[in-house]
1. By how many degrees, between 0 and 90 and to the nearest 10, does the Cα long axis of helix B:59-68 differ from the longest principal axis of chain B?
2. Explain nothing, just the number: dipole magnitude of the protein assembly as shown about its Cα centre with +1 on each Lys and Arg Cβ and -1 on each Asp and Glu Cβ, in debye rounded to the nearest 20.
3. Counting only GluC sites (Glu not before Pro) that are in a DSSP loop and have at most 14 other C-beta atoms within 10 Å, tell me the longest site-free stretch of chain A.
4. Does the range A:276-370 come out rounded, prolate or oblate, given a ≥ b ≥ c as the square roots of the eigenvalues of its C-alpha gyration tensor, rounded meaning a/c under 1.5 and, failing that, prolate meaning a/b above b/c?
5. Compute the long axis of helix B:266-289 from its Cα atoms, compare it with the longest principal axis of the Cα atoms of chain B, and write down the angle in degrees, 0 to 90, nearest 10.
6. Ordered by residue, what ³J(HN,Hα) values in Hz, to whole numbers, does the range A:190-195 give under the Karplus form 6.51 cos²θ - 1.76 cosθ + 1.60, where θ = phi - 60° and Gly and Pro are x?
7. Longest segment of chain A with no trypsin sites (Lys or Arg not before Pro) in a DSSP loop having at most 14 other Cβ atoms within 10 Å?
8. Considering only B:TRP214, B:TRP82, B:TRP198, give the residue with the highest GNM mean-square fluctuation for chain B, with springs between Cα atoms whenever their separation is below 10 Å.
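Readers should treat all values here as calculations from the given coordinates under stated rules, not as data from a laboratory. Computed from a predicted structure; not experimentally measured. Note: ideal-geometry Cβ built from the backbone for every residue, glycine included; neighbour counts use all protein chains shown.
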Amino acid sequence: MARLSRRKRKAQEAQLAEQGYISRSQAQMIWQAFRRHRVGNVGTLIVILFFVAAVLAQFIGPYHYSEQFRRHSYSPPSTIHWRDDDGSLSRPYVYNTERTIVDYRGVFAEDTSKKYYLQFFVSGGSEHNLFGFINTTVHLFSARAEDGTEAPVFLFGTDKLGRDLFTRCLVGSWVSLAVGPLVILISFPLGILLGGVSGYYGGGVDMFIQRACEVMLAIPGLPILMAMGAALRGFGLSAMMVFLGVILALAIISWGGLARIIRGQVLAIREMDFVTAARAAGATDLRIVIRHIIPNVTSYLVVSATLTIPGMMLTEAALSFLGYGIQEPMTSWGQLLSVATNIGSMELYPWVLIPGAFIVVAVLAFNFMGDALRDAVDPYSIV
Amino acid sequence: MPHLALFFHKKAGMLTYIIRRTLYMLPLLLIVSLISFTLVKIMPGDFLTLARLDPQVTEETLQQQIERFGLDKPFLFQYWSWLKNILLHGDFGFSFVTKMPVYKTLFLGNKLQWTIFIALSTLILQYLFAIPIGIYSATHQYKPSDHIVTFFGFLGLSIPNFFFALVLLWILVVLFKVGNHGLSVGGVMDLKYYTMGWSWAKIVNIMWHMWPVWVVIGTSGMAGLIRLMRGNLLDTLSLPYVQTARAKGLTERVVVYKHAVRNAINPLVTILGLSLPNLVAGSIVTAIVLNLPTVGRSYFSALQRQDENVVMAGLLFFSLFLLLGNLLADFLLAWVDPRIRYD
């Protein structure tokens, strides 16, 4: 059947609407089903917010992510005051803090002689590159006294080197959020290609690819990733290369399962009447795969991708936590948590656990988004 | 016992199938062994790098080790001699760190038993909780309670095990200060009990140490099980035979538990085999944070000290577990599903 032009389709729809019918395209139906899944919508919103925050990380964060405040090592989160000395409401302000050693540990005391008011959209901070092309020193906020002097604000406290954890959480999201999509970018084409070829052609190729899949599925994921991480670390590569290596390692060990499922789907679709019809009409293999088979597995792929991302984020976090993932000076949420290895440091500096909350919220949001998508693309679910 | 008669009827076919599958594990293990060997060998430095710095290790021992493992020989030769020792003598070599045989290093302090105990007990608890919750969720579809259950399931899935373990540690030690009440956290029991014989107090102590482990590892797989149970039961409940049962005037309880659940539970039995290796590998990070005596933790410390032989044997161990789990899954599927034939 020839495709109707947009104008003709509109006219047809209008005619049907007059008779009391509403026509909906598949995309519209999926969108409506998706909208119905409230928690999934919230999840999607949070995912979008995370990506926006990641893009604006250096603007939202008040400092450069590797800027060290030597006098503020392991500083607790700054207290933001809302009330003046007489108890009346005031513009939010902070005090400068001074580190003294009590009982062999650093204690921060506020110097209440001068108030530093929070100011928004002020220039004069560290220089950063907004959207990759705007050089600016404007940050979302900073704390300044009336005479123009600045006091550091650490919303989430600092680490050992006195680096602002709030900024580092935002910058860490670059890696944490990028890992999933980048792994998918490699493992999905690999899995789709191998699974598709395996299912479509069968025979010796199928046999060979299936044996390869079985080997992939016999490899224990986390232990082998740890070993790969150890190898990467040992080579003394730059942080960027280690990051790419981790992504490659994750992609290599994760295509097997996908290839199997795609093969099963292709096997089933290959026998369908519409494929036989297409072949009878003289369609080439390539055309059958692209026009008839791929559209039938797309919805599965989209859902699978959305649900693979949180899994990859968790694996990356675990690897980086153990020290076999992302290396300094790059950072990710898991890598930020790697300082919390003993109960002593967690007792003294509980704020180092904050990056974990980012992982939980992001993974949860991705899972809910994927769950809503899965329900929405399922043609058998009743809307 | 589901379909016991049928099961025995096709047992003969099953047996050959199981044997075939078991034999099939061997080439897979062989390839995994080659992969782990390659991976360990491409790591910069070897166990002798550390040993050379150790003044206690004499030049003579070094030479012995070099000859024994053929470290000056080409790669494939080294692999072959490593493999030959395993296949012919069951000898995985020596750990250079502990100076003990590899299997002893991996399993020291009943680590194998603890690993299996932790995995099995977590598995049992997971199923004990997930099945009723899944049934409840399905019979209360789209009710607020269903949504709450789903939310908590997803929450458990979304918290990284290591972070959950850290937070529990922090809550117990810093917030509740359990140390002041003479309770310790981490490990599988208080130190003094390790050398003691079995007693009621020891069991209670182990239970105290185990619950955070169960909570942390258990919750990560619960969401999947609950969703599976819920989905299957919903599918089953919409089948005509359930309608028939209702039409006969059976109570809802009988319809759900005697008619629907029995069929809906099959896939859960099948994935039991797949969950076991996941629990073994998944508990590695938790074991490191909570200081549990598991194989995963000795693998981790071996990796940190570049203890090559132990790392390679550890990888093989996890792979073996994975394959055994898959085998178990196939076996269970044949057991619960009478439609599957193996002739």
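1. That helix lies at roughly 50 degrees to the long axis.
2. So the dipole magnitude of the protein assembly as shown works out to roughly 2420 debye.
3. Answer - A:1-126.
4. Note, shape of the range A:276-370 comes out prolate.
5. That works out to roughly 40 degrees.
6. Once θ is set to phi - 60°, the couplings for the range A:190-195 become 4, x, 5, 4, 5, x Hz.
7. Looking at chain A, A:161-383 is the longest stretch - no exposed trypsin sites (Lys or Arg not before Pro) with at most 14 other Cβ atoms within 10 Å.
8. Among B:TRP214, B:TRP82, B:TRP198, the largest mean-square fluctuation in the Gaussian network model of chain B belongs to B:TRP198.
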